[in-house]
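Working notes, structure below.
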Amino acid sequence: MEKFSVSVNIAAASKVTFELIYEELLKRHFGKYELFLKVNPKQLVNQFEIEANIFEPQGISSLEAEGSFITNDLLPVIHKSFSGKKGHVSFKPTIDQQRSCVDCPTTLLNGDFVITYDVNRESPGDLQIVNGYFVHFFAPKNISHLPKNIVFIIDVSISMSGRKLQQTREALLKILEDIKEDDYLNFVLFGDDVHKWKDTLIKATPENLDEASRYVQQIDIAGWTNLNGGLMAGIEMLNEAHKNRSLPERSASLIIMLTDGRPTKGERDTQVILSNVRNAIQGKYPLYNLGFGYDLDYGSLEKMAAENNGLARRIYEDSDSALQLQGFYDEVANPLLTEVELKYPENVISDLTQNHFKHYYDGSELVVAGRITDNDLNSITAEVKAHGAEDDLTFTEQSDMEETAKALEEQQHIFGDYMERLWAYLTIQQLLEKRNAAKGEEKANLTAKALEMSLKYKFVTPLTSMIVTKPEDNEDKAALADKPLEGTNPLLTDLDGDPHFIIDVPLKEDALCFNINDDPGIVLNLIRDPATGKLNTDINDASPHNTFIGRLGILNTQLNMTLEITPEKITLQIGRKPINFTWFDEVTLRHPNLTLKIIREKSLEISMGDGVKFEVVLHQVWRKHATYGDFLGFYIIDGHKMSEHTHGLLGQFFHPIDFSILEVHPGSDPKKPDATMIVKNNQLTVTRGWQKDYTDDPKHGRNVPCWFIHNNGEGLIDGAHTDYVSPDIILQ
């Protein structure tokens, strides 16, 4: 999924309309197509409406709509109907129906709204031709299930402790209830070492399943992460079982691997692990990788799965993680066919998308598209060959040009260039998958081809950007939407610019540090103490990658004092009288319970009573520097008189904090190892590095070793960094 951020400035009390038009290829799961909509308006809406018009040339066989937030009172508000080729769903609650309670100002509309439907299937597939392109939807039914041979490879390293392991056990126990007696299974656990439940796959008899359940209930944590060892053990076990012919001849073999981290034991080189897995499987069966959470190399899991006829799926750390795990298993629980190949006349078809599939699962669908080179062609015939539970099967299908033509006339706005765009979409997706596994010139060629097609058909992909049209000055202007990338918060070690925070932890004789990466001009609350006041800062833009502290504001309600500091000037206001200073001044100002000391072009010391002392350091940049401007650094020299109610982005660390470091292992930078940190009941992946401290040497600073917390300090700070955003630098 690609994420985008779009913002626009509008006048107070005015109206703005955001319009998003997108295309999505609906995938079939459990015998249904699913349209999934997130609903979260965060307020009562005068005119709230969801409306879906569905058209399917084959005819609609079923249609359902439901929402996770739908109450009994809202059920009658959902209207759905279908007849022939058309279906309709609408959901239009009134203001009162949206309320979370009678006369409440809050909304209960917060969750998922899901529309599911399926089409009539008189034949195993549907072959459609429009404007020189064809698409083949293949979903046979009434076929006997194949026995499956499944190896579960489970990460039991220390990072899986607690809730993750508990939910994994819950999911595996539920899966064991659903496994059929003619299936074969085994478990491989990897932590410090690799452990196998059995030496080989065994049949899922009631006795064996009872023993498997007892084994799953006893799964426990076992040290570091020997990912390569676990994968090799599971693959070799399956290879050996096939070699010894101990598995049913007509069956579907697959591997499901679950991990939440990176390799820290045994082989740690990701490229070597990818090569080992590819060489061991040799295309014989699919590997499905489940990545638990965000502290992992999900890109490598995707690449590994794509290279081995499988796919990767992220499991989110939510209350329903066990259901997510079980839900994925359910998708692959019922294989019907193996080695499925869809063939078309070679002399009239070109640029075919993927047409060979290792497995076909019950309730899913295979989709193939291609270009027709013969303009006079009236129909094409598809032949599908596959291995079934009892025999090899062959399906023959022929396109119905007349029926497709009628659909084209009936729904021109849908079918105008629909086939061509669907073909292009599938082609781009498959080029990107091949690109992940390619190197050198081959990767460059695949990238160029995918980019060319993405631009031609205006698809948003990892290689392209999203264009947003904004109304400005009475005309529409195109702009790029912001596209945040996962895992790109940098650890800056050579500049004091990007607002970095160093937290000294005397108890550990160590330090923690984090960055805040946000929009220029954002105001953050650093310290908030009901007994003394507030200290806020804002950040200024300096380059596409760095932001700097551009302004500091201090409010002391007891002294009726405000202090605003920028790289250009210092403004002190006590009562109604402002006093302005510049950084060229050398001055000490004393006031009851307040002392300011400006050291010319270097720093400003602020003391408030006995026990609260801050220092602001001025960083001056070469005037002709093309990128950076002057900026500020902020340091807490003494805070022992801050009250117990002190909070804020920095203020929260006036209270004692403890943490544990586990699993120190090489990171992406050889000089900066990664580790697992347990802090505030959170488990984080952190990086050892250093940040600059300029209190003693404002010009050069000194390097302070620290554990760097990624993603804007998430997991270390209370809540999210956006919770500390303030509307203004100084709030009276």
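The values are calculated or read from the model by the stated rules, or taken from the named source; none is laboratory data. Just so we're clear, the structure is a prediction, and the values are computed from it rather than from any experiment. A quick note on method: Cβ atoms are made from the backbone with ideal geometry, for glycine too, and the neighbour counts reach across all protein chains shown. To get the accessible areas, we keep the full protein, side chains included, count just its heavy atoms, and leave off ligands, DNA and RNA. Shrake-Rupley method; radii C 1.70, N 1.55, O 1.52, S 1.80 Å.
Among the listed pairs 243/358; 148/243; 265/439; 303/358; 243/284; 38/456, which are separated by more than 22 Å between their Cα atoms? With Cα atoms farther than 22 Å apart: 265/439; 38/456.
For segment 28-120, the spread of Cα positions along the three principal axes, ordered from largest to smallest, is 46, 22, 20 Å. Relative contact order, whole percent, for segment 62-215 stands at 16, derived from Cα pairs under 8 Å and 6 or more residues apart. The residues of segment 208-353 have, on average, 42 Å² of accessible surface per residue, using a 1.4 Å probe with all protein chains present.
Peptides 454-460, 166-172, 500-506 ranked from most to least packed, by the mean per-residue count of other Cβ atoms within 10 Å: 166-172, 500-506, 454-460. Carbon and sulfur together cover what percent of the accessible area of segment 148-333 at a 1.4 Å probe radius? Ligands and nucleic acids excluded, carbon and sulfur reach 43 percent.
Amide hydrogen proximity for residue 260: with H placed 1.01 Å from N in the peptide plane, the residues at 5 or more positions away or on another chain lying under 5 Å are 292.
Compactness of the chain is given as radius of gyration and Dmax, 30.7, 95 Å, from Cα positions.
Share of segment 28-120's accessible area from carbon and sulfur, percent, 1.4 Å? Display every interim value, and only then the final one.
Values: 2480 of 5290 Å².
It is 47 percent, rounded to a whole number.
Backbone amide hydrogens, once placed in the peptide plane, bring residue 225 within less than 5 Å of 264, 265, excluding anything fewer than 5 places away on its chain. Secondary-structure-derived ellipticity at 222 nm for the chain, considering helices only, amounts to -6000 deg cm²/dmol, per-run term -39500 (n - 2.57) for DSSP H runs with n ≥ 4.
Compared with the dominant principal axis of the Cα atoms in the chain, helix 206-217 is inclined by about 10°.
Under the criterion of Cα pairs below 8 Å and six or more residues apart, the relative contact order for the chain equals 10 percent.
Pair-distance distribution of segment 1-50: all C-alpha pairs, bin width 5 Å, starting at 0; shares per bin in whole percent are 4, 9, 16, 24, 19, 13, 8, 4, 2, 1. Put 259, 106, 566 in order of accessible area, highest first, and with a 1.4 Å probe you get 106, 566, 259.
When the solvent-accessible surface of protein heavy atoms is calculated with a 1.4 angstrom probe, in what order do 214, 528, 250 fall, highest first?
Values: 214 130, 528 100, 250 80 Å².
In descending accessible area the options line up as 214, 528, 250.
Taking all Cα pairs closer than 8 Å and separated by 6 or more residues, the relative contact order of segment 107-152 comes to 25 percent. Only aspartates and glutamates eight or more places from residue 680 in sequence, or on another chain, were considered; those with a Cα closer than 12 Å are 658, 714, 718. Relative to the longest principal axis of the Cα atoms of the chain, helix 401-410 runs at roughly 40 degrees.
Report the GluC sites (Glu not before Pro) located in segment 211-257 that are in a DSSP loop and have at most 12 other Cβ atoms inside 10 Å of their Cβ, or state none. Intermediate values should be presented prior to the final figure.
Values: sites: 211, 236, 240, 249; in loops: 249.
In loop regions of segment 211-257 (DSSP not H, G, I, E or B), the sparsely surrounded GluC sites (Glu not before Pro) are 249.
The 1.4 Å probe gives accessible areas that order 137, 614, largest first, as 137, 614.
Scattering from segment 211-347 was approximated by placing one identical point on each alpha carbon and applying the Debye formula without solvent; log10 I(q)/I(0) at 0.13 1/Å stands at -0.65.
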